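Presented below is the structure to which this report refers.
The values are calculated or read from the model by the stated rules, or taken from the named source; none is laboratory data. These figures come from a predicted structure and were not determined experimentally. FYI the Cβ positions are ideal-geometry reconstructions off the backbone, even for glycines, and counts take in every protein chain you see. Accessible surface is based on the protein model in full, side chains and every heavy atom, while ligands, DNA and RNA are left aside. Shrake-Rupley method; radii C 1.70, N 1.55, O 1.52, S 1.80 Å.
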Amino acid sequence: MSQDNTPPRDGSSREPGEEQVPPASNVPPEPQQPNQPPVPPQPLSPPHSFPPPGGNPQQGPPPQQGAFGQPVYPNQPSGPAQQAYAGQDPAYQQEPEHPDAVKRQRLVIGGIVLGVLVLIGVVIWVLLSLLGTRPEAVAPSPTPTATLGPLPRDTDSRDFQVGDCFAEFDPNATKAKAVACDTEHSAQLGAIHTYAQDDSFPGTNALRDKGREVCKSIKFNDAVDNYTNLLQQNVYPSQSSWDRGDRRVDCFIVVNTGSTLKEDLLRK
């Protein structure tokens, strides 16, 4: 008898001396006798299976054929997500992404976008706040006009206005007689500078220099050429008058004693 070395299906080597399974007999079935009921066909016995080395044989249903002719074994996952491409190792098949991971990823992206929007809003708010608190440009106060009212009149020195003309002017007096500038007068107020009320007393020399600066800002008209004896005299507060609230530095256009003016000398 020849020895069969064909390995079994499970890949184990065949032990020498095992008996071969005899081939099925080709003897035709015996004819049935008359008046005997037909014999139902008997199921074929399953082929012999060889147990793996060192284990007991386990019987189970034969594998089923898949869609592409591949065997499908029990407990094997099926579906398009579990099928490997041709030539691909099944161990490297990608598993479907978990829905919770996708949700977390979307939440992270949404949080980043929201944070960027909040940061942009804060920057815009800060810029608008800075622009809204910018100090507004202070329009220069208009030059005081001549005192209105009937002339002549006695006027307090704190109420002198640029352009006023005064008869018998005394710079040290607290009052003066305001008259029409086309009548005889001895002085005309040409310019004023006023310190802030919260300023401290700058000193006599600083006030004198400020008075000279104020006098240089006067703008004359052509009538000034009719006089050759014009002088500029500045009047500023003393320490005691400053303490009482006097903050004015005035510059007057005056003439020598005994002379008079009969015209307005300021440019309109």
Within the stretch 232-268, of all residues that are open to solvent by 70 Å² or more (accessible area, probe 1.4 Å) and in a loop (DSSP other than H, G, I, E, B), the one farthest from D182 (Cα to Cα) is R244
So, first residue under 25 Å from H193 (Cα atoms) and open to solvent by less than 70 Å² (accessible area, probe 1.4 Å) in the stretch 216-231, second residue among the aliphatic types (A, V, I, L, M) and part of a loop (DSSP other than H, G, I, E, B), Cβ within less than 8 Å, six or more apart or across chains; the pairs are F220/L265; N221/L265; A223/L265; V224/L265; L230/L265
Checked against (1) over 19 Å from C165 (Cβ atoms); (2) crowded, with 16+ Cβ neighbours inside 10 Å, S200 satisfies every condition except (2)
Residues that are closer than 17 Å to D246 by Cα, in contact with a Cys (Cβ under 9 Å, 6 or more places away or on another chain) and assigned to a strand (DSSP E or B): does the stretch 193-214 have at least one?
yes
Filtering the stretch 232-260 down to residues that are more than 27 Å from D198 (Cα to Cα) and out of contact with any helix residue (DSSP H, G or I) (no Cβ under 9 Å at 6 or more places or on another chain) yields V254, V255, N256, T257, G258, S259, T260
